[in-house]
Each structure stands twice: as structure tokens, then as C-alpha cells.
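Read the structure below first, then the notes.
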Amino acid sequence: MRIAVIEAADRLRNGEVVAVPTETVYGLAASLNRPEAIQHIFRLKSRPKNNPLIIHVASPSDIQEYVSIVPTAFDKLAAAFWPGPLTLVIGVNSNIIPPIATAGLLTAAFRIPRHPLALELLSLTGPLVMPSANLSGKPSATNAAHVEEDFGETFPVLDGGQCHAGVESTILIWNSDRWCAGRLGAISLDELGEVLGYMPEVINRVKSSGAPICPGQMYRHYAPKALLTLSRDLKLCREVVIGFDNRIYPNAEKVYSLGSSIFPEDAAQRLYAVLRQLDADGVERATIDIDIPKTGLWMTLHERLEKAARG
Ligand code: TXA
Ligand code: MG
């Protein structure tokens, strides 16, 4: 059910959950000061309770009251990339943020989304937690119809059209003296490196304890029902192919296109819609063309495709 921004704000203030567009993917929003609504998000998504949520705000000053120390280069990153698809994980004062949002951690993830409707909504409601608006494990939603596919036709959605980036935000985690990447995303590590003066290292686990640095990364993700295979040479492939407009797959049964192989932004924007379309069409097996570079935004696409195939 499509709703307008005023109704979305009213529902959130009343402790309801609504879906909200961002420039990356749609989010399932609840007000940060409504723990029972946040609980409801976990139930709706079947999301494990130890997977914390990103707190979305309208301006950097909205974060000040929660933060224990402001890490080096926080202001530089915020100035360069906010509003935008960067999430920053930093230490927070305990007791201020409901533990259900942070999964009880002493850190929290923050981001200012770059979508006019999301920003308008946030200015009316204050901070909102928003995980991606998909059932846990399924591909994220990049338009309102995807949200309705997962949560039903009567679920309230603020319709902001097609998401521009199409993949989730990049997550940087402050790790004692440096920023590390906990999740690849819509902003490439090169872009972040230019602002930081060093390339953030991708880390999956805390060195001392072995605990996952970004809890969500250990779960099944982005996966359609189809069995996916990755390949760099599809000349002989007779299966359904996920590939590119400017390439020829002479033996393919059918081709689902990620756009041009020259523009990773195209592929990112289409990726989840293509994975969802496979399910809608009842495709059981498909091969993905991964003859793509391992640089910039392509790195994010490699990571998502590998995860989708593993699922
Ligand atoms: O683009 C996005 O980031 C979207 C839109 C809606 O903003 N949101 C999103 O949320 O992708 P979600 O819940 O699907 O992914 C959030 C990720 C999870 O992997 C979670 O473990 C991680 O952020 N995360 C949240 N708080 C964290 C924290 N304190 N420390 C480490 N990782 C954290
Ligand atoms: Mg997600």
C-alpha cells in the first residue's frame, strides 16, 4: 500500500513500521525511540537478534548526543559522503540507544541517506533505524513492488521510485586507530581511500576474539531460490545466463541483463531486480558472467554475486 510522507511520519511516531526509499535500497523503518516497533522489524524480517541496525539521521549534529568519542577523519568522511551511501560505525554512550537497535554492542552504525523523501521523513521523525526491506537472506528491495513482494500488498510503503545505487551502503568501522571496511557497498574503497589518505582494509573478524566485525555479514544473503554458478567463460553455456547487453552468449537458454559491462553503476542498479526476477520466473539454475574487473564498484558486485551463489 503506497502512502505519502506525512502519513509515513504519523505511523512512525505511533510506533508502526513502514518501508522507506533510500538511494541504495528500500529500508524497513522504525523510530529509534520505539523499541517495540524495532522488535517488530526483527519479527517481520525473521532477522537474528544479534544483527544490529543502522541508525539513519537527517544531519551529522543528530549523532552528537550518542557518540562517545569522535574518531579521526569522521568529519572529513561525513563532509565528503553524507548524505550518501556510507555507514560509519563508532563507539556510543551506552544507555542512550535502545539495546535492541545495537544488539547490545558498545558501537552503533550511522548514515545520512541521499534520497529526498527519506530526508524529508527524517526531518519530521528524528532518527530511524532501517535495515534493508527484504526478508532475511533474500535480495534487497530496490523498488516499492519488491517490498510488497516480501511483506504483502497492504504493507505501508513510501514510494520513492527505483533506487539509484541499487546496492547497500559501504560500512566503515572505526578500529582503534584506523577505519576498516566491514561491508563493501555503493561507495568504492578507492573513493574512501582518496579522502582518508589510506585504503581501508577489508576485515571480517575481530583479530583478538574472532567475532565477526559486521554481524550481518555472516548470514545467508542476497540469494534467490535458483542455484547460481559463477563463470568467466560462457561461450558454451546452455543454461539461463545473467550477463551483459554488449556481450553475446550464443548457446544461452535466456539472458537476464545487468546492463553494459562498461558501467558497474548499471549492474549495481539492476542486480537485485534481476535476482528477484529469476524467482518470479521460476528459474532453477543460472550462470552469472563474472568476467568483470576486480576494482572499484565491481569489487562490491563480485562480493554480492559470490554471496548470492553461495546461498
Ligand atoms: O544501504 C543501506 O545500508 C541500507 C539502507 C536501508 O540504508 N540498510 C542496510 O541495513 O543495508 P542492513 O540491516 O540490511 O545491514 C546493516 C549492516 C548489517 O550487516 C549489520 O550487521 C551492520 O550493518 N551493523 C549495524 N550496526 C553495526 C555495528 N555496531 N557494528 C558492526 N556492524 C554493524
Ligand atoms: Mg540487508
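The values are calculated or read from the model by the stated rules, or taken from the named source; none is laboratory data. All values reported here derive from a predicted model rather than from experimental measurement. Note that each Cβ is placed from the backbone with ideal geometry, even for glycine, and that neighbours are counted across all protein chains shown. We work out accessible area using only protein heavy atoms, side chains counted, and drop any ligands, DNA or RNA first. Shrake-Rupley method; radii C 1.70, N 1.55, O 1.52, S 1.80 Å.
The table that follows gives values for the structure above.
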{"quantity": "Nearest-ten-degree value, helix 296-310 long axis tilted from longest Cα axis of the chain", "calculated": "80 degrees"}
{"quantity": "Residues E7 and S231, FRET efficiency given R0 of 41 Å [Cβ-Cβ distance, rounded to 0.05]", "calculated": "0.30"}
{"quantity": "Length added when fully stretched, S208-E16, from 0.36 nm per residue minus Cα-Cα", "calculated": "65.2 nm"}
{"quantity": "Hits among lysines - C-alpha to C-alpha of K235 under 30 Å, sequence gap 8 or more where chains match", "calculated": "K138, K225, K254, K294, K307"}
{"quantity": "Per residue accessible area in Å² of the chain, where ligands, DNA and RNA are left out and the probe is 1.4 Å", "calculated": "43 Å²"}
{"quantity": "Two-site FRET efficiency, E191 against D245, from Cβ-Cβ distance with R₀ of 30 Å, rounded to 0.05", "calculated": "0.70"}
{"quantity": "For region 167-311: rounded, prolate or oblate by the Cα gyration tensor [a/c cutoff 1.5]", "calculated": "prolate"}
{"quantity": "Those trypsin sites (Lys or Arg not before Pro) in region 254-305 that DSSP places in a loop and that have at most 10 other beta carbons within 10 Å", "calculated": "K294"}
{"quantity": "Chain lengthening between N95 and T72 when straightened (0.36 nm per residue, less Cα-Cα)", "calculated": "5.9 nm"}
{"quantity": "With Cα atoms, 0 to 90° folded angle of helix 116-125 axis to the chain main axis", "calculated": "30 degrees"}
{"quantity": "C-alpha long axis of helix 264-280 to longest principal axis of the chain, angle in °", "calculated": "80 degrees"}
{"quantity": "Using θ = phi - 60° and Karplus 6.51 cos²θ - 1.76 cosθ + 1.60, couplings along region 241-255 (whole Hz; Gly, Pro as x)", "calculated": "10, 9, x, 10, 4, 8, 10, 10, 10, x, 10, 5, 5, 6, 10"}
{"quantity": "Whole-percent carbon and sulfur share, accessible surface of the chain, 1.4 Å", "calculated": "52 percent"}
